[in-house]
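Report on the following structure.
The values are calculated or read from the model by the stated rules, or taken from the named source; none is laboratory data. Bear in mind that the values here come from a model prediction, so they are computed numbers and not experimental data. Don't worry about glycine lacking a Cβ; one is built from the backbone with ideal geometry, like all the others, and counts go over all protein chains shown.
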Amino acid sequence: MEKNLRQEPSNCIKIVLFGPESTGKTTLSRQLARHYNTVWVPEYARAYLQDKWNNERKTCEPHDLLPIAEGQMRLENELSKKTDTVLICDTDLLETKVYSEAYYVGACDPLIEKFALENIYDLYFLTYIDVPWEADDLRDKPNERMLMFEAFKNELIKQNRPYVLLKGNKKERLEEAIKHIDKLIKDKKNVH
């Protein structure tokens, strides 16, 4: 079980898009992957929960979180082998931890929490709530965006994770993200 949540070693720079639902993470992930001609790790929970909704008309329940976390890490570990430059992650286990605590009375599966804190990324992009809300089958907290944003921000601070706040339109966010990733790439080259 634990090996399914452990991050495998890789040589790439790992970037995580982090923040509340409907804040442009997937759009920016795709844009960044295109810009750097690399792979991006989609959010496993989206496909898993959409399938559950389509088949059972049920939303996420606590017992879904471990399979979601395992699926996310399986995708990340597989895709990290396909690049030695930059890996763009639409989410990570720390995001799963925040959602778990927000939705399930402060609780998070101890295994998810363990690996959410152990797995390492080079930089997080915290996406702000200044983009329009887009409803879908899975999104359910349009009136709690600021509360959720604060939960994500506080978790990054609490865990001492390196992050950059992204605000503005798609172009502004992309330019800001590229500036920070380019610096990481340059710093990595200077080390080697």
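So, in the range 160-192, how many residues would count as being among the small types (Gly, Ala, Ser) and outside any helix (DSSP H, G or I)?
Of the residues in the range 160-192, 1 are among the small types (Gly, Ala, Ser) and outside any helix (DSSP H, G or I).
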- Out of all the residues in the range 100-125, which are surrounded by 22 or more Cβ atoms within 10 Å (Cβ to Cβ) and under 17 Å from Leu17 (Cα atoms)? Ala116, Tyr124, Phe125
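Residue-by-condition table, conditions (1) more than 19 Å from Val131 (Cβ to Cβ); (2) surrounded by fewer than 22 Cβ atoms within 10 Å (Cβ to Cβ):
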| site | (1), (2) |
| --- | --- |
| Arg6 | yes, yes |
| Ile13 | yes, yes |
| Leu17 | no, no |
| Ser22 | no, yes |
| Lys25 | no, no |
| Gln31 | no, yes |
| Asn37 | yes, yes |
| Val41 | yes, no |
| Tyr48 | yes, yes |
- Query: Out of (1) under 30 Å from Lys3 (Cα atoms); (2) without any contact (Cβ under 8 Å) to a residue 40 or more places away in the chain; (3) touching a Phe, Trp or Tyr at 6+ places or on another chain (Cβ under 8 Å); (4) not hydrophobic (A, V, I, L, M, F, W, C), the odd one out for Lys158 is which?
  - Reply: (3)
- Query: When you look at Ile120, is it touching a residue at least 60 places away in the same chain (Cβ under 8 Å), aliphatic (A, V, I, L, M) and assigned to a loop (DSSP other than H, G, I, E, B), yes or no?
  - Reply: yes
- Cys60: passes all of (1) farther than 27 Å from Asn143 by Cα; (2) under 18 Å from the mean Cα position of the chain (by Cα) but (1)
- Among the residues of the range 79-91, write down those that are buried (at least 19 other Cβ atoms within 10 Å of the Cβ) and either among the aliphatic types (A, V, I, L, M) or within 20 Å of Leu174 (Cβ to Cβ) (or both). Leu79, Thr83, Val86, Leu87, Ile88, Cys89, Asp90, Thr91
- Please specify each residue of the range 20-47 satisfying the condition of being over 26 Å from Asn154 (Cβ atoms) and either of a type in the set (Val, Ile, Thr) or modelled with pLDDT under 95 (or both). Thr38, Val39, Ala47
- Answer yes or no as to whether Ser100 is within 22 Å of Trp133 (Cα to Cα), without any contact (Cβ under 8 Å) to a residue 40 or more places away in the chain and assigned to a helix (DSSP H, G or I). yes
- Query: Restricting attention to the range 169-179, which residues are of a type outside the set (D, E, K, R) and touching a residue at least 40 places away in the same chain (Cβ under 8 Å)?
  - Reply: Leu174, Ala177, Ile178
- Message: Can you confirm whether Leu166 is of a type in the set (A, V, I, L, M), touching a Ser or Thr at 6+ places or on another chain (Cβ under 6 Å) and within 18 Å of Pro20 (Cα to Cα)?
- Response: yes
